[in-house]
Amino acid sequence: MRKMLAEYGLREDDLQTPPDLPLDPVEAQSYLAAGHVRDRVTMNCSGKHTAMLAACAANALSLIHIS
């Protein structure tokens, strides 16, 4: 996902997903053991959000940020 975000000039913060761990408990444990922390790109919906943002960027659509 980081690669796709970068390809479209997007940042991880553009995802607006909450920082989280990988959904799979074993993967989450491995992720933490490797020294990683909760991150936007490891949140369960981050792939879907990345694809939507990339589609918007590819079609020059505005990215609306809701706080």
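The values are calculated or read from the model by the stated rules, or taken from the named source; none is laboratory data. Not measured: the values here are computed from a predicted model. Each accessible area value is taken on the protein alone, full model and side chains, heavy atoms only, with ligands, DNA and RNA left out. Shrake-Rupley method; radii C 1.70, N 1.55, O 1.52, S 1.80 Å.
Tabulated data for the structure shown
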{"quantity": "Inverse mean reciprocal Cα-Cα distance (Kirkwood Rh) of the chain, Å", "calculated": "12.6"}
{"quantity": "For residue 20, distant residues with modelled amide H under 5 Å away", "calculated": "39, 40, 42, 43"}
{"quantity": "Per-residue SASA entry for residue 20, accessible area with 1.4 Å probe, Å² rounded to 10", "calculated": "50"}
{"quantity": "From phi via Karplus (6.51, -1.76, 1.60), per-residue ³J(HN,Hα) for the range 37-42 in Hz, x at Gly/Pro", "calculated": "10, 3, 9, 5, 6, 9"}
